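Taking it in order: structure first as structure tokens, then the write-up.
The values are calculated or read from the model by the stated rules, or taken from the named source; none is laboratory data. Small disclaimer: the values here were computed from a predicted structure and weren't measured. Note: ideal-geometry Cβ built from the backbone for every residue, glycine included; neighbour counts use all protein chains shown. Just so you know, the surface numbers come from the protein's heavy atoms only, side chains and all, with ligands and any DNA or RNA stripped out. Shrake-Rupley method; radii C 1.70, N 1.55, O 1.52, S 1.80 Å.
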Amino acid sequence: MNIILLGPPGAGKGTQARFLVEERDMMQLSTGDMLRAARTSGTEMGKKVAAVMDAGKLVTDEIVIGLIEEQLTTAKAPGGFIFDGFPRTLAQADALTALMQKVGKKLDTVVEMRVDDAALVERITGRYTCGTCGEGYHDTLKVPAKEGVCDNCGGTEFKRRADDNEESLKTRLMAYYKETSPLIGYYYAKGQLQSIDGLGDIDEVKAAIAGALDTVS
Ligand code: AP5
Ligand code: MG
């Protein structure tokens with residue numbers, strides 16, 4: 001099954017994608033993670049996008065479409081792909097349709113995660129991740145069982161994203177409403193949209209996504 005998790009920054013796309021990877025053998029394709037990896041490894045592209053990302057603006061369609069094309073043509077995903085943070089513009093959505101056709105796959109459903117803006121700000125400003133395995137945490141909403149130790153891998157180094165501050169978040173939210181939210185209508189018109197309440201706790205959202213995926217499996 002190939003799905004898109006669609007939602008604003010902090011909606012919980014990355015959190016829920018990790019469950020789907022573990023439990024359904026799916027592969028997460030997060031353009032945000034790919035871009036951050038390019039920055040860390042210091043590639044030319046990584047250097048080019050760094051300032052744009054930190055400011056909360058979108059990087060060019062050309063770059064992210066290239067990243068997705070590379071994965072779709074080379075990666076093996078027995079359980080299918082989860083598109084997380086892609087597509088984010090109508091041009092990217094059209095490119096994804098064309099790419100899926102090219103590799104002989106189909107998009108099964110688009111799950112829109114609805115969360116109100118106040119909750120997004122709270123989620124983003126408290127977010128941090130394990131520096132070793134990438135497990136996501138939050139200062140108050142999801143803390144490790146033992147303080148300072150990752151539940152998943154036992155790591156003790158944690159990191160915060162450079163764009164997780166109130167100023168960048170405003171720009172990221174604006175980019176979502178201007179550039180990405182038209183995709184809700186785009187996929188609705190294609191008969192592929194399912195909307196779920198992303199405001200519940202992590203397990204409730206997980207169950208809502210499972211319910212949405214059951215309708216197409
Ligand atoms: P990207 O990495 O995609 O960031 P984003 O879309 O802003 O989304 P986030 O990763 O911030 O949120 P999320 O929905 O994954 O939430 P999470 O699960 O972590 O993109 C970053 C940048 O890269 C962009 O700004 C842009 O510059 C560039 N970029 C990427 N893709 C691009 C593209 N296609 N085109 C152009 N540019 C692109 O959860 C957040 C927090 O909330 C966590 O602390 C978590 O523990 C907590 N939480 C999650 N769910 C719940 C819940 N149900 N209840 C309580 N807390 C919860
Ligand atoms: Mg994410």
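Counting the residues of region 169-201 that are of a type outside the set (Gly, Ala, Ser) and farther than 22 Å from Ala119 by Cα gives 6.
Could you tell me whether Ile196 is in contact with a Lys or Arg (Cβ under 9 Å, 6 or more places away or on another chain), open to solvent by 40 Å² or more (accessible area, probe 1.4 Å) and not aromatic (Phe, Trp, Tyr)?
Against the criterion (in contact with a Lys or Arg (Cβ under 9 Å, 6 or more places away or on another chain), open to solvent by 40 Å² or more (accessible area, probe 1.4 Å) and not aromatic (Phe, Trp, Tyr)), Ile196 does not qualify.
For (1) assigned to a helix (DSSP H, G or I); (2) on the phi > 0 side of the Ramachandran plot; (3) away from ligand 1 (no atom under 15 Å from the Cβ), each residue gets a yes or a no:
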residue: Cys133; (1), (2), (3): no, no, no
residue: Thr140; (1), (2), (3): no, no, no
residue: Cys153; (1), (2), (3): no, no, yes
residue: Thr156; (1), (2), (3): no, no, yes
residue: Met174; (1), (2), (3): yes, no, no
residue: Gln194; (1), (2), (3): no, no, yes
residue: Ser217; (1), (2), (3): no, no, yes
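Applying a threshold of 8 Å to beta carbon distances and a minimum spacing of six or more residues, or different chains, the list of pairs starting in region 31-43 at a residue that is touching a residue at least 40 places away in the same chain (Cβ under 8 Å) and part of a helix (DSSP H, G or I) and ending at one that is within 7 Å of ligand 1 (Cβ to nearest atom) and β-branched (Val, Ile, Thr) reads Thr31/Val64. Screening Asp164 with (1) touching a Lys or Arg at 6+ places or on another chain (Cβ under 9 Å); (2) of a type in the set (D, E, K, R); (3) part of a helix (DSSP H, G or I) gives one miss only, at (3). Take Glu69 and tell me if it is in contact (Cβ under 8 Å) with a residue 12 or more places away in the chain, more than 9 Å from ligand 1 (Cβ to nearest atom) and under 28 Å from Tyr137 (Cβ atoms). Judged against the criteria, Glu69 is not a match. Taken over region 99-128, the criterion of being of a type in the set (Ser, Thr, Tyr) and open to solvent by 40 Å² or more (accessible area, probe 1.4 Å) is satisfied by Thr125 alone.
Here Thr60 qualifies as of a type in the set (Ser, Thr, Tyr) and near ligand 1 (Cβ under 8 Å from one of its atoms). Selection of region 76-113 for residues being assigned to a loop (DSSP other than H, G, I, E, B) and within 27 Å of Gly211 (Cβ to Cβ) yields Ala77, Pro78, Gly79, Gly80, Gly85, Phe86, Pro87, Arg88, Lys105, Lys106, Leu107, Asp108. Filtering region 84-94 to residues that are over 19 Å from Met27 (Cβ atoms) and either touching a His at 6+ places or on another chain (Cβ under 9 Å) or open to solvent by less than 50 Å² (accessible area, probe 1.4 Å) (or both) leaves Thr89, Ala93. Within the bounds of region 2-17, is there any residue that is within 16 Å of ligand 2 (Cβ to nearest atom), open to solvent by 50 Å² or more (accessible area, probe 1.4 Å), among the charged types (D, E, K, R) and on the phi < 0 side of the Ramachandran plot? For region 2-17, residues within 16 Å of ligand 2 (Cβ to nearest atom), open to solvent by 50 Å² or more (accessible area, probe 1.4 Å), among the charged types (D, E, K, R) and on the phi < 0 side of the Ramachandran plot: absent. With respect to the conditions (1) within 13 Å of ligand 1 (Cβ to nearest atom); (2) out of contact with any strand residue (DSSP E or B) (no Cβ under 8 Å at 6 or more places or on another chain); (3) open to solvent by 20 Å² or more (accessible area, probe 1.4 Å); (4) not in a loop (DSSP other than H, G, I, E, B), Gln28 lacks only one, and its number is (2).
For Lys178, the conditions (1) more than 14 Å from ligand 1 (Cβ to nearest atom); (2) without any contact (Cβ under 8 Å) to a residue 40 or more places away in the chain; (3) part of a helix (DSSP H, G or I); (4) under 30 Å from Ala50 (Cβ atoms) are fulfilled apart from (1).
The combined condition, being closer than 26 Å to Met1 by Cβ, open to solvent by 60 Å² or more (accessible area, probe 1.4 Å) and away from ligand 1 (no atom under 11 Å from the Cβ), is not fulfilled by Thr40.
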